[in-house]
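The block underneath contains the structure these notes are about, expressed in structure tokens.
Values in this text are rule-based calculations from the coordinates and carry no lab data. Just so we're clear, the structure is a prediction, and the values are computed from it rather than from any experiment. Glycine also receives a Cβ, built like all others from the backbone with ideal geometry; neighbour counts cover every protein chain displayed.
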Protein chains: 2
Amino acid sequence: MSKPIKIEKLAPKKPHGLIVVITGNGKGKTTSAMGMALRASGHGLHVCIIQFMKGDLYTGEWDGVKMLGDLVELHATGMGFCGIQGNSYSHAEHRTSAQTAIELAQTKMSSGNYEIIILDEINNALKLKLVDLEQVLGLIKGKPKLMHLVITGRNAHPDIVELADTVSEVCEVKHAYQKDIEPQPGIDY
Amino acid sequence: MSKPIKIEKLAPKKPHGLIVVITGNGKGKTTSAMGMALRASGHGLHVCIIQFMKGDLYTGEWDGVKMLGDLVELHATGMGFCGIQGNSYSHAEHRTSAQTAIELAQTKMSSGNYEIIILDEINNALKLKLVDLEQVLGLIKGKPKLMHLVITGRNAHPDIVELADTVSEVCEVKHAYQKDIEPQPGIDY
């Protein structure tokens, strides 16, 4: 195509470290967080992704982010979804795992090495009492001013929504599983 | 962390080429599509992203996807959002541009080279009459059986929703612009 489009590049006059919450019951929360990691890497920004609960089921983003080199790191710290059928770990084991993830988040946050930190599924971890509300609020309130913090998972706590700048609720209109279609690589995991 | 988590890797018994629609007025539609591209690249799948309307405003994913090598290609074919303040192109010019994008989508789809094709903002292009409903339905109905087709943008047409397997509506609970916070690189673009 030979159209002479002038490409504009935005640059905020006032950089602002955002608190972004992606919640709801539909597909596209973690996926959206991964999209932010990809987008950020295009800007040369450094991203640390900490996945709560996830860690027992392979998902493509684990290898996908490796292609983004030193810009994006991902820690899948979990033992699967606590309480679902087939998960053999106790609540205490899940909590120990999630508490280690909270410590990791604190360490990464205070390192100052990242422009964006993503706490994937932390809303779920909170709902399941694997982490405490005070811990999550502490992370939010203690974040470096210009660092962006992205929080995902169903059932975002109202106090977290209250503190956030941008909140999206991803609602399931329909999903392939309702037609007994299995999860497909690249799309669902 | 020294927990011996056994990692399971799913593999669908029945591969299924999904039609996924991400619509709604909230942040996280294109972002989610980019996340699928990243996730897919981890599986070694080939993705073609065609952005309708977008093309006049730099966004980090343009460079982000380059890091995914030959697996993901992105075509920003547009001239900006048709009809918004500051956009100087006529409806006819936008339509010509979108029609070229439709042809590109048809060519890419019939090449058989991609496991996933993403038509970003095509819902908007349809709403603005830059493409026709029959054209979009034709792409959906004519897609290779095992190829996934991801469609994004506000105001998804009911006929498209009807054909889709998975549909998420991303609802804006709140957004930073409401507090006069400018778009921030890595998060918003």
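At a Förster distance of 51 Å, what's the computed FRET efficiency of A:HIS91 paired with B:ASP63, Cβ-Cβ distance as r, to 0.05? Calculated transfer efficiency: 0.75. Taking every C-alpha pair closer than 8 Å and separated by at least 6 residues, the mean separation divided by the residue count of chain B gives a relative contact order of 35 percent. Modelled spin labels at A:LEU146 and B:ALA11, positioned 7 Å past Cα toward Cβ, are 4.8 nm from each other. The translational diffusion coefficient of the protein assembly as shown, from Stokes-Einstein at 25 °C and 0.890 mPa s with a Kirkwood hydrodynamic radius over alpha carbon pairs, comes to 117 µm²/s. Counting only the Cα atoms, the range A:19-171 fills a convex hull of 102 Å³ per residue. Charges were assigned to the Cβ only: +1 to each Lys and Arg, -1 to each Asp and Glu. The resulting dipole of the protein assembly as shown about its Cα centre is roughly 0 debye.
Over what distance in Å are the Cα centres of the range A:63-100 and the range B:11-43 separated? After rounding, the separation between the Cα centres reads 21 Å.
Normalising by residue count, the range A:88-189 has a Cα convex hull of 140 Å³ per residue. Phi angles of the range A:26-33 translate, via the Karplus equation with coefficients 6.51, -1.76, 1.60 and θ = phi - 60°, into HN-Hα couplings of x, 6, x, 8, 4, 4, 5, 4 Hz per residue; Gly and Pro are given as x. Between B:THR100 and A:ASN25, what is the label-to-label distance in nm when each label sits 7 Å out along the Cα-to-Cβ direction? It works out to 4.5 nm between the two label points. Put the Cα centre of the range B:153-189 next to the Cα centre of the range A:124-189 and the gap is 16 Å. Amide H contacts of B:GLY26 (H built 1.01 Å from N, in plane; Pro and chain starts excluded): B:VAL170, B:CYS171, B:GLU172 sit under 5 Å, all sequence-distant by 5 or more or on other chains.
Placing +1 on each Lys and Arg Cβ and -1 on each Asp and Glu Cβ, with no other charges, gives the range B:19-171 a dipole about its Cα centre of roughly 120 debye. A:LEU57 label point (Cα plus 7 Å toward Cβ) to equivalent points in the other copies: 3.6 nm, shortest first.
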